[in-house]
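Colleague: Before I ask anything, here is the structure I am working with.
The values are calculated or read from the model by the stated rules, or taken from the named source; none is laboratory data. All values derive from a computational prediction rather than experimental measurement. Glycine gets a Cβ as well: all are built from the backbone with ideal geometry, and neighbour counts include every protein chain shown. For the accessible areas, the whole protein counts, side chains as well, though only heavy atoms, and no ligand, DNA or RNA atoms are used. Shrake-Rupley method; radii C 1.70, N 1.55, O 1.52, S 1.80 Å.
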Amino acid sequence: MASQKDRIKKHKKYFKIRKNHTWLSILFYFVVLCLCVLAIAGIVELFVLFAVHSGIEHEYDSKSDLIRINQELATETEPYLLFDKANMNYFIRDAQGNTVYSNGNMTCSDKGYDYLLSLGASSNIFTDKEDNTGEVTTTIYRDTEIDLVRPDEDQSVEINLLAVAKQMFKVLKSSNSGNEQLQLPVWLTVEMDNGSELVFRANVTMRSTDVALTLILVIGMLALLVIVFIVLTIHTIANAVNRRKVTKLFFTDMKVKGNNWMWFLLHSEQKLRRFGNARKQFALVDLVFTAYRRFCICHSVDEAESVLGRIYSSLASQLGKRELLAHSSEDSFSLMLEYTDEDTLKSRISALLASLSEIEREHSFSYHAGVVLIPAQEGAGLLTRRRYVDVESDYNLARAASASLEGKETSAYAFYDDKLVEEQRWADTVQELQQKALDNEEFLVYYQPKYDPRTHELRGAEALIRWQSPEYGFLAPYRFIPIFEKNGFITEIDHYMISHVARAQKKWLDEGQKCVPVSVNVSRAHFIESDLAEQICKSVDKEGAPHELIEIELTESAFFDDKKAMIDTISKLKQYGFAVSMDDFGSGYSSLNSLKDMPLDVLKLDAEFFRGEAADTDRGEIVVKEAIQLAKSLNMRTVAEGVEVKEQVEFLASQGCDMIQGYYFAKPMPAEDYEQRMRAGRSDGEEQ
Ligand code: C2E
Ligand code: CA
Ligand code: CA
């Protein structure tokens, strides 16, 4: 449970890191790009400002000088002859701002002027006007203030960078053909002595070497930008690929090369939360491959994993597109199925289980499926999101359902319901009380005598456990034995019973009773222990009871475990002098094969043979007769269990059955009552 919580934490953390990482990268790239663009813009702007300012100053100075020279030379009537001669574009304003003289092209439509710069003045000081004759002449707005002054360092100059860039390229192109200057047209004003102003159009010149230098810088910066961009792109792609790999690794189960529990948790929750899915019904299924551990021990982990892989593939091939599958822990698989009604779901799960039994048929694997239903949310529509989603908790209920099947030999499924909750609670209670009950000797040994059907003589008994619980009263074995088998406490119980029976036999022997062998049940869980025979021998010897007075009963289902180990243990027990019997013969499984291989002493015919209507038919009798014959041929004694009626006793007697253990003669009884039975030696027959 704790490990699961840890896994979820890790999972959430991982996604947080992934998310942060992505956002950080995007932010980082954005900042770097902005910085590069700003740097380029800054360089161009600096250069242009510098070039323009120095150009303007140069023009200003040269024109001021010209004015000065001209003023010294000029006559009243032709004051600016020199400018006219030079074909300069200029006009003169008096102190009131009236244009008193103009020469050359006064339009501002000259390319370059508009978009290049204006120095602190409106660029609309000139306008084109159509006169009566339709001729376009350029006049000057007399009321427009032009206040250009000598530009200083702080003068603001508006520059259209794109235009400058274009111009620069032009210059570079033309520089190849010998023209090495960039002309930027600009209007400048020079104040004159008499308060009037000379406004002239000048070309600010830039040297192509400067332009080239700037362009190299710009291209360098652009190249850097491209390099940075490429590096970042490669980095991003590599990152994305890596992230994909990590994600895949994080969500992949290497044993089955498929999805793992993390993947399942994430996708199932996403699916349940999706819009519209609140209207749908889902089932979480915990599917357990029950033989996994046994298979690992008997074969190899590699082989077991290959079986897991085949189970996964088989399940995957049977799922719908929107259904989910994962290998959630070593022996279990998680599924999320969609269903419309429970009956269809049940047949679907049965079909899944049946299909899995086709895998490695010779091993007859069984599977347990625990199912929990996630019903549709009431009143949910297409745009409704499911309110409650907790796959982990729900899945635990599915696990509880599959755990309730533990011990079942065949494939089966169980739905989680209230009865299961009750059972689970009871199992927890039993587990809490078991050790205290053992220490306080709350477990009692009852004895059910076995009689000879012909002579009615006492020939043996079976020790059967009862629990006298101070909290819950007198409890029959079905209330707690299956729980002990699941939680492993059964091995303690088996030892407890063997010790108590051996102790009782020793006591009765010492008292001079006519003791008969008493059989003790040994669970299959116990039979996995390789030194079981030694353990039993030690327990019996400790009490000082003769071995021939103790018999070991094995249930038929135990025979499906590791055959070789089983034969070894049985042989050892026999060497030590204990009789070994096969319990419940004929209850469900065909163990004829086991009979062939196991050196058993006693065959206990299951009570099923003598129950129900079929028991009294000819066919029923034939089966019992043949079973007894078979046992005899194999040199085994027979015990018929659950015999309740006289006719059956007589029939069994006629067939040579050795012993009868059933209510006809006696029910299981406390030790004191059994002592009396021993003393009596034989039964008068019918008990009730
Ligand atoms: P089992 O070993 O097959 O024991 C025989 C069961 O059949 C006993 O039930 C007995 O009371 C019942 N029985 C015998 N004759 C008749 C009859 O004529 N009619 C009917 N209706 N029943 C009859 P019990 O004592 O309730 O034990 C149930 C099962 O619990 C046992 O089945 C055995 O598997 C298990 N068990 C009991 N004691 C122990 C124990 O000490 N250790 C282990 N591992 N299992 C035990
Ligand atoms: Ca038994
Ligand atoms: Ca039995």
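Colleague: Output the residue which, of all residues in segment 577-595 that are modelled with pLDDT under 80 and away from ligand 3 (no atom under 16 Å from the Cβ), is surrounded by the fewest Cβ atoms within 10 Å (Cβ to Cβ).
Modeller: Of everything passing the filter in segment 577-595, S590 is surrounded by the fewest Cβ atoms within 10 Å (Cβ to Cβ).
Colleague: Another one. Return the pairs, sorted by first residue and then second, in which the second residue is at pLDDT below 75, the first residue lies in segment 587-609 and is assigned to a strand (DSSP E or B), the beta carbons are less than 7 Å apart, and the residues are 6+ apart or on different chains.
Modeller: none
Colleague: Is it true that S654 is farther than 19 Å from P449 by Cα, open to solvent by 40 Å² or more (accessible area, probe 1.4 Å), modelled with pLDDT of 95 or more and not assigned by TED's automatic domain parsing to the domain that holds S411?
Modeller: Taking the combined requirement at face value, the residue satisfies it.
Colleague: Let me ask another. Could you identify the single residue in V623, V645, V602 that is open to solvent by 20 Å² or more (accessible area, probe 1.4 Å), out of contact with any Leu (no Cβ under 7 Å at 6 or more places or on another chain) and within 16 Å of ligand 1 (Cβ to nearest atom)?
Modeller: Only one candidate qualifies: V645.
Colleague: Give the number of residues within segment 634-656 that are among the hydrophobic types (A, V, I, L, M, F, W, C) and within 15 Å of ligand 3 (Cβ to nearest atom).
Modeller: So the answer is 3.
Colleague: Sticking with this structure for a sec: Restricting segment 449-486 to residues that are open to solvent by less than 50 Å² (accessible area, probe 1.4 Å) and assigned to a helix (DSSP H, G or I), which is farthest from ligand 1 (Cβ to nearest atom)?
Modeller: It comes out as I483.
Colleague: While we're on this one: Count, please, the residues in segment 562-576 that happen to be open to solvent by 40 Å² or more (accessible area, probe 1.4 Å), over 26 Å from S364 (Cβ atoms) and out of contact with any Pro (no Cβ under 8 Å at 6 or more places or on another chain).
Modeller: Residues in segment 562-576 being open to solvent by 40 Å² or more (accessible area, probe 1.4 Å), over 26 Å from S364 (Cβ atoms) and out of contact with any Pro (no Cβ under 8 Å at 6 or more places or on another chain): 3 in total.
Colleague: Something else: Evaluate segment 407-424: report whether one residue or more is in the same structural domain as S268 (by TED's automatic domain parsing), over 30 Å from D601 (Cβ atoms) and touching a Phe, Trp or Tyr at 6+ places or on another chain (Cβ under 7 Å).
Modeller: Yes, segment 407-424 contains at least one residue that is in the same structural domain as S268 (by TED's automatic domain parsing), over 30 Å from D601 (Cβ atoms) and touching a Phe, Trp or Tyr at 6+ places or on another chain (Cβ under 7 Å).
Colleague: How about segment 481-525: which of its residues are charged (D, E, K, R) and over 14 Å from F443 (Cβ atoms)?
Modeller: If the condition is that a residue be charged (D, E, K, R) and over 14 Å from F443 (Cβ atoms), then E485, K486, K506, K507, D510, E511, K514, R524 are the ones that fit.
Colleague: Being more than 16 Å from ligand 2 (Cβ to nearest atom), β-branched (V, I, T) and closer than 22 Å to P517 by Cβ: is that true of T569 here?
Modeller: The answer is yes for T569.
Colleague: Now for a separate question. Here are L383, L353: which of them is open to solvent by less than 40 Å² (accessible area, probe 1.4 Å) and either at pLDDT 90 or above or touching a Phe, Trp or Tyr at 6+ places or on another chain (Cβ under 6 Å) (or both)?
Modeller: L353
Colleague: If we scan segment 660-670, do we find a residue that is of a type in the set (V, I, T) and either more than 15 Å from ligand 2 (Cβ to nearest atom) or not assigned by TED's automatic domain parsing to the domain that holds L444 (or both)?
Modeller: For segment 660-670, residues of a type in the set (V, I, T) and either more than 15 Å from ligand 2 (Cβ to nearest atom) or not assigned by TED's automatic domain parsing to the domain that holds L444 (or both): absent.
Colleague: Just to be sure, is G642 at positive phi and either without any contact (Cβ under 8 Å) to a residue 12 or more places away in the chain or assigned by TED's automatic domain parsing to the domain that holds P449 (or both)?
Modeller: Against the criterion (at positive phi and either without any contact (Cβ under 8 Å) to a residue 12 or more places away in the chain or assigned by TED's automatic domain parsing to the domain that holds P449 (or both)), G642 qualifies.
Condition check ((1) more than 30 Å from R386 (Cβ to Cβ); (2) at pLDDT 85 or above; (3) open to solvent by less than 30 Å² (accessible area, probe 1.4 Å)) across all residues:
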position	(1), (2), (3)
V199	yes, no, yes
M221	yes, no, no
V228	yes, no, no
T233	yes, no, no
T252	no, yes, no
K255	yes, yes, no
Q270	no, yes, no
R273	no, yes, no
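Colleague: Scan segment 394-409 residue by residue and report those that are modelled with pLDDT under 90 and open to solvent by 50 Å² or more (accessible area, probe 1.4 Å).
Modeller: Correct list: E406, G407, K408.
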